[in-house]
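Worksheet: one structure, shown below.
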Amino acid sequence: MTTNSRSTGTAGRSTGFVLGAATVAMGLIAGVFYVFACAIMPALARSDDRVYVEVMRNINDVIQNPVFFLSFMGALLLAAVSAWQLRGQPYRWWVWAAVAAYGLGFLTTVAFNIPLNNDLANMSSPTAAREHFEDPWVAWNVFRAVLSTVALACLARALVRYGRGAQTSEYLASAAGSRASR
């Protein structure tokens, strides 16, 4: 029989907090990638080469900030910590699925999107830079947007199961102490 770690006091509250924080961080990152896929990149596609390259370079400079890095790296770290905290729970697999999905999205960013950003920063011809950058970057961004959204859905499912488990544990604990159970 497994126990719900939420019913164990401080450790249980920490477990719920980490799972909740992982879910929020993942939602923020999934939202960033989604907005790029649905609005930013289609809007930039209407621009001429010089404007396109200039704006993307500016975005790439500005996005490298502590707030973005906190959610970008925090989503993976918090999800992994949550998976460890929930070991033994039947819904831990939802968290592990989230870690796997976002881990792949994280690696996609590191292996494809960041090198393309670096190439864009170093190329002198706006036309050549855009031709090299736009299509692959957009495709890899959609891929990581889908993966981070899948990870968010998995974490949300785990969070719901975590909450339901706590309600069941509290109900059973109260029933064990009632006259009806004697």
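Computed from the coordinates by the stated procedures, all read-outs in this text should not be read as laboratory data. Keep in mind that what you see is a predicted model, and the values were worked out from it rather than measured. As a convention, Cβ positions derive from the backbone with ideal geometry for all residues, glycine included, and neighbour counts pool all protein chains shown.
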Fill in: residue 156-residue 59 FRET efficiency (beta carbon distance; Förster radius 45 Å; 0.05 resolution)
0.95
Worksheet entry | residue 50-residue 146 pseudo-label distance in nm [points 7 Å out on the Cα-to-Cβ vector] | 3.7
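Which of the peptides 148-154, 38-44 is most tightly packed, and how do the rest follow, going by the mean number of other Cβ atoms within 10 Å of each residue? If you can, show how the numbers build up before the last one.
Working: 148-154: 23.6, 38-44: 13.3.
Going by the mean number of other Cβ atoms within 10 Å, highest first, we get 148-154, 38-44.
Report D for the range 81-156 in µm² per second (integer): Stokes-Einstein, Kirkwood Rh on Cα pairs, 4 °C, 1.567 mPa s. Don't skip to the answer; put the middle values down first.
Details: Rh = 13.9 Å.
So the translational diffusion coefficient is about 93 µm²/s.
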Worksheet entry | Largest to smallest principal axis extent of the C-alpha atoms in the range 10-149, angstrom | 56, 24, 23
Worksheet entry | Cβ charges +1 (Lys, Arg) and -1 (Asp, Glu), total dipole of the range 47-112, debye | 440
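Which semi-axis lengths, in whole Å and largest first, follow from the square roots of five times the eigenvalues of the Cα gyration tensor of the range 45-87? Spell out each step's value before the answer.
Numbers: eigenvalues 257, 24, 4 Å².
Semi-axes from the Cα gyration tensor: 36, 11, 5 Å.
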Worksheet item: For the range 35-52, what does the Karplus curve 6.51 cos²θ - 1.76 cosθ + 1.60, with θ = phi - 60°, yield as ³J(HN,Hα) per residue in whole Hz, taken in order and with x for Gly and Pro?
Response: 5, 4, 5, 8, 10, 5, 5, x, 5, 5, 4, 7, 8, 6, 4, 4, 5, 4
